[in-house]
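Undergrad: Before anything else, here's the structure in question.
Since every read-out is calculated from the coordinates, none of them should be taken as a lab result. Since this is a predicted model, take the numbers as computed values, not measurements. Using ideal geometry, Cβ is built from the backbone for each residue, glycine included, and neighbour counts are taken over all protein chains shown.
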Amino acid sequence: MTAVTSNRNEQWKQEKDGLDIFGEIEALSGKAFSELDPGDVERLKWAGIYAQRPRDGHFLVRVKLPSGTLSAAQAEVLADLAHAYGRDEVQITIRQAVQIHNITLRDAVVIRRALAEAGLSSVEACGDVPRTILGNPLMGVDPEELLDTTPLVEETYRFFLGNRDFSNLPRKFKVSISANPHDAGFARINDLAFVPARRAGETGFHAYVGGGLSAEPYLAQKLPFFIRPEEVLPVAKAVATLFRDEGYREKRNHCRLKYLVADLGICAVAAKITAQTGTLEAGGEEVTAPWQYGRFYGVHAQKQPGLSYVGVHLAKGHIEAADLRAFAGLAKTYGTGRLRTTNSQNLILLDIPAERLDALLAEELFARYPLQPGLFSGYASSCTGNAYCNFAPIETKDRLQQLTQALDAAFPAADVPVRINLTGCFHSCAQPQIADIGLTGGRAKVDGEVTPVYTVQVGGSLGPDAAYAQPLAGRVADAKLFAALCALVAHYFAVREAGEAFHETVRRTPLADWQAVLAPYLV
């Protein structure tokens, strides 16, 4: 392990492993927040407990749902916990996890016990550890998947969960596993991602390593291997070991795996992987198709004859506890009691027989959670914002919903989704770099008053033509933001070619043209 020089987080981890916090939560719950040791507040993340804004003793608890897997019984437990302790609100995160906000540490003691009894876990949902496994929420039912990744996701998730060999990484370690060709796992923004591939008639994976966003985004680089299903966990273990032993630990903002991969080069990384796994065969052809943004709206056939899945839109990625319980009831009544969360912060009901679809869709819940949302409001993503986050200086969720609903009304003839992501700070939790229009918020004085302001980037996407959005110069004040968005969208519709997506139009046209469109609205 590399030497530690100046990173206080590393010092805290040297003093006590983050997993040791589990036995101390009950004792800590008797203290006022001001009495808590900062190192213990950091280590609480290993239990999935994160201090929220304002830092007054209230926390969020994050629950890991590998590849979005959720049973109706588990959804009912989450709904009950949110009702009892979280002000009736459940949040689906952009990595398919679930968060309950506004809990105390006393609440956390009860919540963690209830989660364990339901077969759920918040262990290492936060912290410098392997996070939950992101992937295809349709695994096992997807007609397009090359193979069912359910056992691979479960095996990898279980291997890393609470594993002390990997409980002290330089920073978080994000893994994606998907056999869906539409990049359901958002491969190139993850530390390690497995995507579907074929070689000489055999089905397996290619892998990408070293992706990440934040203030300095990197696209993951492709490893030269054809990876068989049984080699997925050994490769994941090898990459995690490389990150643990050689990853940077000095400057906190330079500790992500992406920097190590960039410095070593992909050939050296590949050699270090095979030094642990043994020889991995090369070659194969990656199986790709256009990116579908992680959205699964509407009714679609499963691979199982006569069954369908139903994808619904959760505005702002939030759902009331009673509504989550209601969806769980529908999943049991009309299906087999299975649900999935998506990395677009939405919900899917599985296993609905054809003869029961009409009755299901007639349920009043679908009037509030639509199957086909607007082409702006249904394809937007936002971070938590200053409602709970200690870093974001602006409100995000309500503002983005207002903007995108207004855009739905302003462009009724829109025939393709336009994806707008709003993040509240440079950490990029809402992933603005992969949006058609990415917004990063801040605050500044405009005309003598402090107001939200936004930087703008355009043309991001993942999938076969993955590239990050290109930043435009200047900032837009909140009062002019809707007009600026209308101008950018109108420019797209004016200059696009037939069948062209927003990001394709941006990449085909001069960036200076987009800058000129934005110019009248800048501060």
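Undergrad: Do you know the relative contact order of the range 377-521, to the nearest whole percent, from alpha carbon pairs under 8 angstrom that are 6+ apart?
TA: Relative contact order, the range 377-521: 17 percent.
Undergrad: Further, regarding this structure: If you take the beta carbon distance between residue 490 and residue 26 as r and set R0 to 56 Å, what does 1/(1 + (r/R0)^6) give as a FRET efficiency, to the nearest 0.05?
TA: 0.45
Undergrad: List the residues of the range 182-219 whose backbone N lies under 20 Å from a point placed 7 Å from the Cα of residue 253 along the Cα-to-Cβ direction.
TA: 211-219
Undergrad: Are there DSSP H segments in the chain that both extend 24 Å or more along their axis (alpha-carbon positions) and score a mean Kyte-Doolittle hydropathy of at least 0.0? List them, or say none.
TA: For the chain, where a helix must reach 24 Å along its axis and average at least 0.0, there are no hits.
Undergrad: Further question on the same structure: I need the calculated FRET efficiency for the pair residue 274 and residue 304, taking r as the beta carbon distance and R₀ as 41 Å, to the nearest 0.05.
TA: Plugging the Cβ-Cβ distance into 1/(1 + (r/R0)^6) gives 0.60.
Undergrad: Further question on the same structure: Assuming R0 = 22 Å, what is the FRET efficiency of residue 214 and residue 444, from their Cβ-Cβ distance, to the nearest 0.05?
TA: So the FRET efficiency works out to roughly 0.55.
Undergrad: Suppose the chain between residue 368 and residue 285 were pulled fully straight at 0.36 nm per residue; how much longer would it get relative to their current alpha carbon spacing?
TA: Answer, rounded to one decimal: 25.6 nm.
Undergrad: Considering the chain, which cysteines have no disulfide-compatible partner, defined as another cysteine with its Cβ under 4.7 Å away?
TA: Isolated Cys, the chain: 126, 255, 267, 389, 425, 486.
Undergrad: Here is a follow-up. Once fully extended, how much extra length lies between residue 16 and residue 479, figured as 0.36 nm per residue of separation less the alpha-carbon to alpha-carbon distance?
TA: Contour length minus the Cα-Cα distance gives 161.9 nm.
Undergrad: Still on this model: Find the relative contact order for the chain and round it to a whole percent, using C-alpha pairs within less than 8 Å whose residues are 6+ positions apart.
TA: The value is 12 percent.
Undergrad: Within 14 Å, Cβ to Cβ, of residue 496, how many net charges do the neighbouring residues add up to if Lys/Arg are +1 and Asp/Glu are -1?
TA: Net charge in that neighbourhood comes out at -4.
Undergrad: Would you please put 70-78, 43-51 in order of how densely packed they are, using the mean number of other Cβ atoms within 10 angstrom per residue and starting with the highest?
TA: Listed from highest to lowest mean packing, they are 43-51, 70-78.
Undergrad: Okay, next question. Cut-off 17 Å, label point 7 angstrom out along Cα-to-Cβ of residue 390: give me the residues of the range 250-285 whose amide nitrogen falls inside.
TA: From the range 250-285, the list is 252-253.
Undergrad: Assuming 0.36 nm per residue, please report the length gained on full extension of the stretch residue 414 to residue 498 beyond their Cα-Cα distance.
TA: 28.9 nm
Undergrad: Hey, what number do you get for the chain at 222 nm if only DSSP H runs of n ≥ 4 count, each worth -39500 (n - 2.57), divided across all residues, to the nearest 500?
TA: Calculated from helices alone, the mean residue ellipticity at 222 nm is -8500 deg cm²/dmol.
Undergrad: Just to be sure I understand the curve: with the Debye formula and one point per C-alpha of the range 377-521, what is log10 I(q)/I(0) at q = 0.14, 0.15, 0.17, 0.18 Å⁻¹?
TA: -0.61, -0.71, -0.92, -1.03
Undergrad: Quick one: which of 45/172; 16/45; 258/316; 174/222 span more than 18 angstrom between C-alpha atoms?
TA: 258/316
Undergrad: Quick one: if you take sqrt(5λ) for each eigenvalue of the C-alpha gyration tensor of the range 131-235, what semi-axes come out, biggest first, whole angstrom?
TA: They are 22, 16, 13 Å, listed from largest to smallest.
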